[in-house]
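To start, the structure under review is shown below, and the notes come after it.
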Amino acid sequence: MKKDNILDNNYLPFAARIEDIVIESEDGSLKTFKIVFEDEADWEKWRHEPGQFAMLSVAGKGEAPIGIASSPYERDGLLFTVNRAGVVTTALHEMAVGARLGVRGPLGNGFPVDGDLKGKNIVIIAGGFAFTTLRATLLYLLENRGDFGDITVIYGARTPGMLLYRNEFLDWEKRDDINLYVTIDREAEGWHGLVGFVPQIVSQVNPSPEGARALICGPPIMIKFTMPPLEKAGWQDNQVYLSLENRMKCGIGICGHCSSGPIYVCKDGPVFTRAFLNTIPQEY
Amino acid sequence: MNSMDTPKKLIQLSKEDLLSAINGLKDVSYTVSPNFNDNAPGPGDNIIKRFMFPQPEPLLFLEREGKDMVHRPYCVISKSSLNPDDDTSHHTISDTVAETIILGIRPCDARSLWLNRLACEEDNLFSRRVDGLIIFGLLCNKGLSTCFCEDVGGGHQDVRGMDVAMIDDGDGELRLWAVSKKGLYILNRLGIYEDDIIDGLMEGATDNSHEKVGDCSLLDELMSKDMLTLYNAPFWQDIKDSCLNCGACTFLCPTCYCFDIQDEAYGKVGRRIRYWDSCMFPLFTLHASGHNPRGEKIYRVRNRFMHKFKYFIERFSHISCVGCGRCIIHCPVNIDVREVIGLMRAVS
Ligand code: SF4
Ligand code: SF4
Ligand code: FES
């Protein structure tokens, strides 16, 4: 029998407020919220791994699972890049700096930065606004640069205006310890970088699987077409990590919404190797 | 009683005496299953599900503070939770969770509590609530034609999930004994038992089980089946064709625990509640993007059975079905879970 405090409640979020809002995309559909906790003691306790997510809660509207975009080393607040899609994310988009909300988490697993990824060459492949938890991961890798081999980042968006974290990409471009490939779907005025879909760029870059791990986040269609060029280059399924996004409610592996066969994406994931995903029903 | 060892400490008592003793407890509430009164065979009304999963259950209290709505813990299911217009009483925080005696549920339903604990115990609202339940189970003399508890690892005399086990042989007298510490505590408090039988009790809790209890060849069989082979078996197509996706089976099932969470706000106050949901419904898995991983009916029908007879086994080493037969009785198109089990069994 678990004896806990009567106040313990898995569904009670940390009280927090929006400290800053950055409009990330030209169409306004993506905003990055910097969120700070109301109670310093809550913040002291907070620890997350790159790849984890949290439930952002707007009282009266509900909760939405959002990947944590800030790295564990950014201790002045949490960053969440939110795509306006449903009731809760629309409500979030309408909120102003200073508005109060709840943060429930951190939830799920993260990328195994302290385990399987250590000492490996890392290839990050992302499309659209799925770069969020990969930003957290990349910052983690850079902070512990000596623990990893080559770092390659392939990131694509529809248009230049839809690319996330543009200022940071400019900084990363200047570094000689990241191989950065940023691409947009079609030619656009003023764009002098790569043009082409992520899978095409992957096949041009042709990253070597030797001692490497790939971390892939993006829309299902991008993931689907990214796999063949990787396979052609000799990548095995246990070298490829995917982060899944299913509908979620409880976030703690009970309510059933996020299940895919026997797994709960919220609790067992969201990060899985492709080799593992091959062993279960694909309901994501 | 014949195939069962006699429990160490058996108490004989009339139903009236038990009820009046329970009535005399000031701080313990109770609910009586219809089975207790008439001992009619079969699982009867699904009382236990409403106590395991109140419908709806408040998770948080929401209130406006300045411009914003903020979250507050919702600690007890107090009277005030039923009255959202009363915006002060929500703050009442009690440091005890009321104890409730559930009197006369069948072994299948008691076992559902035991199984659901495996899946839900991390949820401290659930755990705290079911820790406050005291189960007086009523063993079965005979079942209905739809009962199949023994096939799924339970039995007419299975006491798992119970605190006190009771036998009604139809002569107006109950024979009962404690099968958990909580059961012992309550029998002591009821003044119908005064001995300290902790040692005997623990023995009793294991050796008074029916010989068939726990001997579940179905579990072993299902465990050894390949998940994807089961998943891809062709028979799901036929079941899907007849199922209406009405969800009746999931709502009646004592081991279906899926839920949804929604906010309700009334002006300055509101609450976040959870209520039963069903994997039979297409909205259950719908992404905000419009993509739906179980968008087609076959996925949903298959999920219900695969969850109970494969996925749950993978996670918790038990079948998530207690064989109560409610889904068989109430399915409008006569889908019989026993037939589905048979089809799953036949997959090699
Ligand atoms: S699946 Fe059917 S028989 Fe099994 S516990 Fe649920 S309602 Fe009862
Ligand atoms: S009760 Fe029958 S028809 Fe309704 S969802 Fe369940 S199996 Fe399908
Ligand atoms: S969101 Fe409830 S089980 Fe994953």
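The values are calculated or read from the model by the stated rules, or taken from the named source; none is laboratory data. What you are looking at is a predicted structure, and each value in this text was computed from that prediction instead of being measured. Neighbour counts are summed over all protein chains in view; Cβ atoms, including those assigned to glycine, are modelled from backbone coordinates with ideal geometry. The protein model used for the area step is the full one, side chains on, heavy atoms only, and it has no ligands, DNA or RNA in it. Shrake-Rupley method; radii C 1.70, N 1.55, O 1.52, S 1.80 Å.
Annotations for the structure displayed:
- Selection within region A:259-284: residues that are open to solvent by less than 20 Å² (accessible area, probe 1.4 Å), of a type in the set (A, V, I, L, M) and out of contact with any strand residue (DSSP E or B) (no Cβ under 7 Å at 6 or more places or on another chain). The member of this set that is nearest to residue A:214 (Cα to Cα) is A:265.
- Test result for residue A:256, within 16 Å of ligand 2 (Cβ to nearest atom), closer than 30 Å to residue B:126 by Cα, within 8 Å of chain B (Cβ to nearest Cβ) and buried (at least 19 other Cβ atoms within 10 Å of the Cβ): yes
- Restricting A:250, A:266, A:258 to residues that are within 15 Å of the chain's Cα centre (by Cα) and either on the phi < 0 side of the Ramachandran plot or within 10 Å of ligand 3 (Cβ to nearest atom) (or both) narrows the list to A:266.
- Of all residues in region B:221-280, those being in a helix (DSSP H, G or I) and either open to solvent by 30 Å² or more (accessible area, probe 1.4 Å) or more than 9 Å from chain A (Cβ to nearest Cβ) (or both) number 20.
- Filter result (open to solvent by 10 Å² or more (accessible area, probe 1.4 Å) and closer than 17 Å to residue A:195 by Cα) within region A:115-160: A:128, A:158, A:159, A:160
- Search result, residues across region B:307-348 that are within 14 Å of chain A (Cβ to nearest Cβ), within 12 Å of ligand 1 (Cβ to nearest atom) and part of a helix (DSSP H, G or I): B:307, B:308, B:309, B:312
- Residue-level analysis places residue A:233 outside the set of residues that are under 23 Å from residue A:136 (Cβ atoms), assigned by TED's automatic domain parsing to the domain that holds residue A:196 and away from ligand 3 (no atom under 16 Å from the Cβ).
- Enumeration of residues in region A:68-83 that are open to solvent by less than 20 Å² (accessible area, probe 1.4 Å) and either out of contact with any Leu (no Cβ under 9 Å at 6 or more places or on another chain) or within 21 Å of residue A:29 (Cβ to Cβ) (or both): A:68, A:69, A:70, A:77, A:78, A:80, A:81, A:82
- Flag if residue B:204 is at pLDDT below 85, in contact with a strand residue (DSSP E or B) (Cβ under 8 Å, 6 or more places away or on another chain), surrounded by fewer than 20 Cβ atoms within 10 Å (Cβ to Cβ) and closer than 30 Å to residue B:26 by Cβ: no
- All conditions but one from (1) assigned to a helix (DSSP H, G or I); (2) more than 23 Å from residue B:167 (Cα to Cα) apply to residue B:112; the one that does not is (2).
- Test: residue A:103 is modelled with pLDDT under 95, of a type in the set (A, V, I, L, M, F, W, C) and either in contact with a Leu (Cβ under 6 Å, 6 or more places away or on another chain) or under 22 Å from residue B:273 (Cβ atoms) (or both): no
Residues are listed down the side, and each one gets a yes or a no for (1) under 20 Å from the mean Cα position of the chain (by Cα); (2) within 15 Å of ligand 2 (Cβ to nearest atom):
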residue	(1), (2)
B:283	no, yes
B:305	yes, yes
B:309	yes, yes
B:327	yes, yes
B:345	no, no
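- In the set (1) open to solvent by 20 Å² or more (accessible area, probe 1.4 Å); (2) more than 14 Å from every other protein chain (Cβ to nearest Cβ), residue B:164 fails one condition alone, (1).
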